[in-house]
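None of the figures in this text is laboratory data; all of them are computed from the coordinates on show. The structure displayed is predicted, hence computed values, not measured ones. For neighbour counting, all protein chains shown are included, and Cβ atoms are generated from backbone atoms with ideal geometry for every residue, glycine included.
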Amino acid sequence: MLGLKMATDPRWKDVAEKNIEEILTDHAYCEQKAASNAISIIVQYPMYPDLVKAMTDICLEEMEHFNMVHEKILALGLKLGFERKDPYVNDISKYLRRNKTNSSPEGLFVNKMLFAAIIEARSCERFKLLSESLTSEELRLFYRSLMESEARHYTTFLGFARKYSHGIDVDQRWDDLLEFEATLMKSYGNDHTIHG
């Protein structure tokens, strides 16, 4: 369903299990950044009422998830660490910026939607792995519920890219991004972060 062309390195599950405090901290900040991204989209594209409504809902849901992750951290006797950079997200962003055909207003909009969609898709895949592999049943169920939200968000962003593309071949751009992301994933899968 997600269309990802390369699965996460199976060893990442072990890295995540051994570094659950780091994973949860990184996850919390991923939720916060997703909420910030939704706000940014509202500010940049107020002319699309359905987009504004959807982004408002996503922002609220992402901050609710941040709170849920933070509460889980505290319940486990762990601490929320500091935010750190996300090289995966930076690599996706650089890829989308370097294509000159993406610089029109319509192209920038599509890029913003595809950027969010690919991150949600990969997060969904990672949450699925956590829901199937963590030794803690409580955390497995926790990640199962969040996985479903990520899948909904992924389809929402992709849907808006298609709806407001104004003649851009979104499916081709999405396929190109999926191909790039697959090559990128060859160097990811051994870090104790959600996308690492």
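At 0.36 nm per residue, and after removing the present C-alpha to C-alpha distance, how many nm does the segment from residue 50 to residue 68 gain when stretched out fully?
Value of the extension gain: 3.8 nm.
Based only on Cα atoms, what mean projected area does the convex hull of the stretch 1-114 have, in nm²?
The orientation-averaged projected area of the Cα hull of the stretch 1-114 comes to 8.9 nm².
Of 118, 92, 20, how do they rank once you tally other Cβ atoms within 10 Å and put the fewest first?
20, 92, 118
Would you kindly state how much longer the chain becomes between residue 108 and residue 5 on full extension, computed as 0.36 nm times their sequence separation minus their alpha carbon distance, in nm to one decimal?
34.7 nm
Based on C-alpha coordinates, I'd like the Rg and Dmax of the chain, in Å.
My reading of the Cα-based Rg and Dmax gives 16.5, 52 Å.
From a point 7 Å beyond the Cα of residue 176 in the direction of its Cβ, which residues of the stretch 113-131 have a backbone N at a distance under 18 Å?
113-119
Counting alpha carbon pairs within less than 8 Å and at least 6 residues apart, what relative contact order, in whole percent, applies to the chain?
34
Top mean-square fluctuation among 99, 111, 37, Gaussian network model of the chain, C-alpha springs under 10 Å?
99
Under the 0.36 nm per residue contour assumption, what length would be gained going from the current alpha-carbon distance of residue 21 and residue 155 to full extension?
Difference between extended and current length: 45.3 nm.
Taking Cα centroids, how far is the stretch 92-145 from the stretch 43-75 in Å?
So the two Cα centres are separated by 15 Å.
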